[in-house]
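Data block below; observations after.
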Amino acid sequence: MGQYSFVDTGPTMVGSNEAVITEGLTFGDFNSHSQGWWLIDRQAPSPSEKTITETIPYSQGVLDFSILGDDRFFNNRDVTYQIKKINEDYADRKIIENMLKNKLMPLGIQVIKDSHDGGLHWLGKCKSVSVSDDAKNRTLTATVVFDCYPFAISDNPEGSDIWDDVFFPDWIFQNTSYTVNGTRPINLMNIGAHTVDVEIIVTGSITVTGTFGSMDLTAGTYTDTPLAISRGDNALTLKGNGTIEFKFYKEVMI
């Protein structure tokens, strides 16, 4: 049997003489970790910007209209993983290759979970699967490319404060549910990279006022309103009687 060399991107398992898979990804019912694939490389280069520029005669440079408010807009990005199967017979390698392509390529847009990015996920579809077979070393290496939404998305809405997801250098603990009896000023903080939509769940009758204007809400769930949660601090005033919950997910550029 030939010699092979590879590196799992995860941390070294100190005190163990047996190699252990520590990193992986999931997509649909494909789980690289539980299905015996070693994750040996990942690439997620930043996405390209959707640029809108105009050139004005007799003026220097160009006018850039690519930014609206405080947001830049981006195209989808390729997120690429290289995974490896080791010590497999030739006949098994052929079956493994076919099964991998069949699990990944037919699916539409799905959540992509990467063990490297705790508390976050990508959203995309598989763009290509290319495979390299090494008969000498009895290995099969697959390069899997996903066409992804440009931002990584939080697994849980803001205010959940699930301890395992907390990353102190970039985190804020905040309330997103309120009881209203009269008038109450509140602040919602979006520490993500751009403006996000919000779902509003109401009991009773409450008026919400902010820079977007004002809206009167009665009991129900609202997903299409003038309110969006801008990057940074969002000051709102609540007036009425009842409870209100703001459900939104931060999106980050990683």
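The values are calculated or read from the model by the stated rules, or taken from the named source; none is laboratory data. Treat the numbers as computed from the prediction; the structure is a model and nothing was measured. Positions of Cβ are backbone-derived with ideal geometry, glycine not excepted, and every protein chain shown enters the neighbour counts. Just so you know, the surface numbers come from the protein's heavy atoms only, side chains and all, with ligands and any DNA or RNA stripped out. Shrake-Rupley method; radii C 1.70, N 1.55, O 1.52, S 1.80 Å.
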Restricted to segment 135-152 and to residues being part of a strand (DSSP E or B) and farther than 30 Å from residue 89 by Cα, the residue most open to solvent (accessible area, probe 1.4 Å) is 147
Just the residues that are at pLDDT 95 or above and more than 15 Å from residue 32 (Cβ to Cβ), please, taken from segment 108-120.
108, 109
Restricting attention to segment 172-214, report how many residues are under 20 Å from the mean Cα position of the chain (by Cα) and closer than 20 Å to residue 242 by Cβ.
2
Those residues of segment 1-30 which are more than 21 Å from residue 125 (Cα to Cα), surrounded by fewer than 14 Cβ atoms within 10 Å (Cβ to Cβ) and at pLDDT 50 or above amount to 7, 17, 18, 19, 20
One residue is enough: does segment 176-197 have a residue meeting the conditions of a type in the set (Val, Ile, Thr), modelled with pLDDT of 95 or more and surrounded by fewer than 15 Cβ atoms within 10 Å (Cβ to Cβ)?
yes
Select from segment 53-78 the residues that are aliphatic (A, V, I, L, M) and touching an Asp or Glu at 6+ places or on another chain (Cβ under 8 Å) and list them in ascending order.
62, 63
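Residue-wise test of (1) more than 19 Å from the chain's Cα centre (by Cα); (2) over 22 Å from residue 148 (Cα atoms); (3) surrounded by 18 or more Cβ atoms within 10 Å (Cβ to Cβ).
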{"site": "32", "(1), (2), (3)": "no, no, yes"}
{"site": "36", "(1), (2), (3)": "yes, yes, no"}
{"site": "46", "(1), (2), (3)": "no, no, no"}
{"site": "51", "(1), (2), (3)": "yes, no, no"}
{"site": "57", "(1), (2), (3)": "yes, yes, no"}
{"site": "71", "(1), (2), (3)": "no, no, no"}
{"site": "86", "(1), (2), (3)": "yes, yes, no"}
{"site": "91", "(1), (2), (3)": "yes, yes, no"}
{"site": "95", "(1), (2), (3)": "yes, yes, no"}
Return the pair list, or none, for Cβ contacts closer than 8 Å from residues in segment 89-107 that are within 13 Å of residue 28 (Cβ to Cβ) and at pLDDT 95 or above to residues that are open to solvent by less than 80 Å² (accessible area, probe 1.4 Å) and of a type in the set (Gly, Ala, Ser), at least 6 apart or on different chains.
100/142; 103/28; 104/28; 107/28
If I filter segment 218-225 for residues that are of a type in the set (S, T, N, Q) and either open to solvent by less than 20 Å² (accessible area, probe 1.4 Å) or in a strand (DSSP E or B) (or both), do I get at least one hit?
yes
With the first residue restricted to segment 19-33 and required to be more than 18 Å from residue 43 (Cα to Cα), and the second required to be open to solvent by 40 Å² or more (accessible area, probe 1.4 Å) and hydrophobic (A, V, I, L, M, F, W, C), Cβ contacts under 6 Å at 6 or more apart or on different chains are 20/13; 28/107
Between a first residue in segment 190-212 that is on the phi > 0 side of the Ramachandran plot and a second residue that is crowded, with 19+ Cβ neighbours inside 10 Å and part of a strand (DSSP E or B), which pairs have beta carbons less than 7 Å apart while being 6 or more apart in sequence or on different chains?
204/240
Per the filter on segment 114-134, residues in contact (Cβ under 8 Å) with a residue 60 or more places away in the chain, assigned to a strand (DSSP E or B) and surrounded by fewer than 17 Cβ atoms within 10 Å (Cβ to Cβ) are 134
(1) modelled with pLDDT of 95 or more; (2) within 25 Å of residue 66 (Cα to Cα): which one isn't true of residue 208, the others all being true?
(2)
Quick check: anything in segment 162-170 at pLDDT below 95, part of a loop (DSSP other than H, G, I, E, B) and either open to solvent by 30 Å² or more (accessible area, probe 1.4 Å) or touching a strand residue (DSSP E or B) at 6+ places or on another chain (Cβ under 9 Å) (or both)?
yes
Residue that is nearest to residue 154 (Cα to Cα), among those in segment 190-204 that are in contact with a Leu (Cβ under 7 Å, 6 or more places away or on another chain) and not in a loop (DSSP other than H, G, I, E, B)
200
